[in-house]
1. Residue by residue through B:29-40, how many Cβ atoms from other chains fall within 10 Å of the Cβ on average?
2. Just want the answer: with Cβ charges of +1 for Lys and Arg and -1 for Asp and Glu, which residue in B:116, B:53, B:63 is farthest toward the dipole's positive end in the range B:19-211?
3. Tally Lys/Arg at +1 and Asp/Glu at -1 over every other residue whose Cβ is under 10 Å from the Cβ of residue B:211; what's the total?
4. Can you give the average number of partner chain beta-carbon atoms within 10 Å of each beta-carbon in peptide B:125-136, as a whole number?
5. With a cap of 16 neighbouring Cβ atoms within 10 Å, and only residues DSSP puts in a loop, list the GluC sites (Glu not before Pro) found in the range B:167-221.
6. I need A:701, A:570 ordered by Cβ neighbour count within 10 Å, fewest first.
7. Sequence-distant or interchain residues sharing an amide H contact under 5 Å with residue A:669, placed H: which?
8. Is the range A:415-737 best put as rounded, prolate or oblate by its Cα gyration tensor, with a ≥ b ≥ c the root eigenvalues, rounded for a/c under 1.5, and otherwise prolate when a/b is larger than b/c, oblate when not?
Amino acid sequence: MGTNSGATAGINNKPVGGAAVLGVGVANSAIGGGVLSNSLGSGGGGGSGLSISGLGGQNANVGGIVTGMGGAGGGGNNGSDDGMGGPGGGPNNQQATTPQYTIPGILHFIQHEWSRFELERSQWDVDRAELQARIAMLLGERKCLESLKSDLTRRIKMLEYALRQERAKFYRLKYGTDPPQLNEFKPSSNDDGGLGGDVATDSEVPYSSVSNTTWRQGRQMLRQYLAEIGYTDNIIDVRSNRVRSILGLNNNADHDGGGGGGIGGVGSGGIGSGGENLSPNINGNESNKRASESEGRHTPAKKVQQSNDAIILDTEAAVMANFEFLGPTEMSDDDEISDDLEMVATDNEDTDVKMAKRPKSGKDMLTEEVDGSLGLGELAQLTVNNESDGAYDANAKDGTGGSAGGAGYRKTWNAKYTLRSHFDGVRSLIFHPEEPVLITASEDNTLKLWNLQKTVQAKKSASLDVEPLYTFRAHTGPVLCLGMSSSGETCYSGGLDGNIECWQLPSPNIDPYDCYDPNVHSGTLEGHTDAVWGLTTMQNNIVSCSADGTVKLWSPYTKEPLLRTYTAAEAEGGPSSVDFVRNEVDHIVVAYNSAHCIIYDTETGKQVIKLEASQEMSGNTGKFINKVVSHPTLPITITAHEDRHIRFWDNTSGTLVHSMVAHLEPVTSLAVDAHGLYLLSGSHDCSIRLWNLDNKTCVQEITAHRKKFDESIFDVAFHATKPYIASAGADGLAKVFV
Amino acid sequence: MKMADGSTILRRNRPGTKAKDFCRWPDEPLEEMDSTLAVQQYIQQMIKRDPSNVELILTMPEAQDEGVWKYEHLRQFCMELNGLAVRLQKQCSPSTCTQMTATDQWIFLCAAHKTPKECPAIDYTRHTLDGAACLLNSNKYFPSSVTPDHRVSIKESSVTKLGSVCRRVYRIFSHAYFHHRRIFDEFEAETYLCHRFTHFVTKYNLMSKENLIVPINEEENAAPGESEA
């Protein structure tokens, strides 16, 4: 482009004279240089600076030419008066000395005027050339940014591809089998770095499919034909411009949508703004903006893009150092010729990313545009679920983001322990407050005690199998809920049989095949007449809710363990879940089938407030609450709903604070970490999601369990003091992530 | 049957469900179960429908892998045996039943330990069930299935494990029958578990007949295939 516009400028300048043409030509090549350096890696700042200095040079040249011309004009016709050469001064002198018109005087004046006009004309021409050069420069810059953008898009794709290969390799190393393919249920995709298999499967298609390659070839051919019939650069430029604008618009909308959905990348701010600040030049900013606009929907892409931008301001070499596995890529000196890095599907056993480089002809702009949009399409396909995972992983990989991101908590959770020993769905699980120990409760009527430090290395897998240390048997039906005392010495379980059983925890170092100690089962709290579905502890008290319609407060190991019973109005239906209000003593929050929550004062037994949203909940069919939890420090109640929402309520005003669609299927379980910063949710869509409570964005999604009938995940939990999270599923497994 | 509106039925036990409504949903035909746990779902569904119809419960659907079928049934037996163990815990203590016996002929040694031990009956029961749970869930003997239609793949070598699990857990029935008859009868009246188990091991030849020492109640339903000779 630079060369082309240079030529055009030169042609326009011809009337002025050879010297002027030369001058502009030089200036243009200087601009070309600027553009070039731009394309060689700077985001815009450096390039622009260079171009401007090029223009300055051009001005100087033009000045030289002008004076030269003035000299020539004067010298030819009047040898005496042209010594000064000032355009205005000459005539004035004449008028002062000779008031009368003389033929030589008139001639001289006309000549002088002529030379003055000539001078002005040449100046205008020079100005015009200058402006044209500027247009050319800007056009060149735009092209270069576009190609830079498409190049970055390709690079993102490359990175994603490499990532997928890595994941596949990891998966194979772990399980000895090939990762599950598209649309196939992915049993353990959670294991591969918590990145989810979705990215891999979703975006695999465009690379591996044969039809795409042929399509590309077809496009190439089409372009050749177009070139032959004279459908050349200019038209293609217009076309590409159009594509660009349409693309920009679409992506804008997408971007907004993403923001509104509140699933934008967490902590993309640090890196993003860094990248933008580093390119103070307007064009640079525009490029950044455009890039983020077009990729904004997809956070990892955005992050990679932005970090790329930042790096690119240094040198290409720096980029390459960061992505050394990409191998050296070269930027050709023509803007339009940009290297096309093409993925070659690698052998499954071979995880090296192979790349074939294919220089493109100068008329490849259209393909690039289309490719670019295709690339965006692929990116857009990436499921929203994994965006932040990808971002984290990208950061981890290129080592640029992590430090900028800041927050130390930001990590990727990986499945480490698989707890398999239950014969049926695991309904509930709870961690010991201090030890790496947990208890699971299952529909197979038992509870099991697990010590994560007593593991068995599973075959061909990076995850560890844990064998249970103790099996608690007393329930005569499925065990549905669990609670643990704050000391971690006792544990309580509620079952379908309507009983709450109390257990003294055996030592976490017990021999699994020790003698039966009947004292482990230390009591039964009888009172509920139907299934006990919710149970939670606070100091020495427990509160339980049951399908018999009541909520009961107990003080176990006392003479009269049942302290109080709370019953709501008939219209509320039965309770489904219960929790202590953590920042307010003597308050409990109960979720009812009516999809309302009621906060009771445990002392008076009176209703304190009812959490209900006037308009949103008006038609509350399907808004059934599966789980209610209280924020550990703030007066906020969080509810998990059958209609896939998680809702946040203000305990003092009883109003809905925030509502978000959190999963693809009903949200079944919630847990808040001890500091109240993160929320964990589980759903029948087989996944657990970690949310940042600050900005209500999804930090990570892990596919964790399989379905039995229409149920999948029953419970999730945080360890209070150790970095463990866990999920319990209908498939009879519990998983612990670190 | 009731699959007219099969697409809208959500088979879920939501929190707050009454015990009587637990798992009370229309049956789902096996071929429509799109799950790795389809066989377990199917077996549980059949048991739920009528636990006494042992013959039907044990009728293997066509095109079902027999190894998987046996494996899932055995899982179900061990799971339901927890119920018997809960009852036994209340009555069978190390002081009353110091050894695992049925008739006076044999003392069963507990295989859960490095060297088999003469555990008291209740310990034997618990250890055997715990051991069976570990074995049947073991990734080593029953690795996760490569095919998505079932949770595990059953290796030929692991099939023999099923037989030894059967032999051991059967002793829980026999101990209960000969030493805690009331508990056994109550449990059996509710679950028909021993009945079903005897049928199962006979049908799939997992135990020799002379080991099946608990007489099976023949009176109530047509199960004449049970020739105890």
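1. Mean number of neighbouring Cβ atoms from other chains: 3.
2. The residue sitting most towards the positive pole is B:116.
3. Here the charged neighbours net out to +2.
4. 5
5. Passing sites in the range B:167-221 are B:218, B:219, B:220.
6. The fewest-first ordering by Cβ neighbours comes to A:570, A:701.
7. For residue A:669, the qualifying residues are A:682.
8. Oblate is the answer for the range A:415-737, as a/c is 1.5 or above yet b/c matches or exceeds a/b.
Only the coordinates and a few stated rules stand behind these numbers; no lab work does. What you are looking at is a predicted structure, and each value in this text was computed from that prediction instead of being measured. FYI the Cβ positions are ideal-geometry reconstructions off the backbone, even for glycines, and counts take in every protein chain you see.
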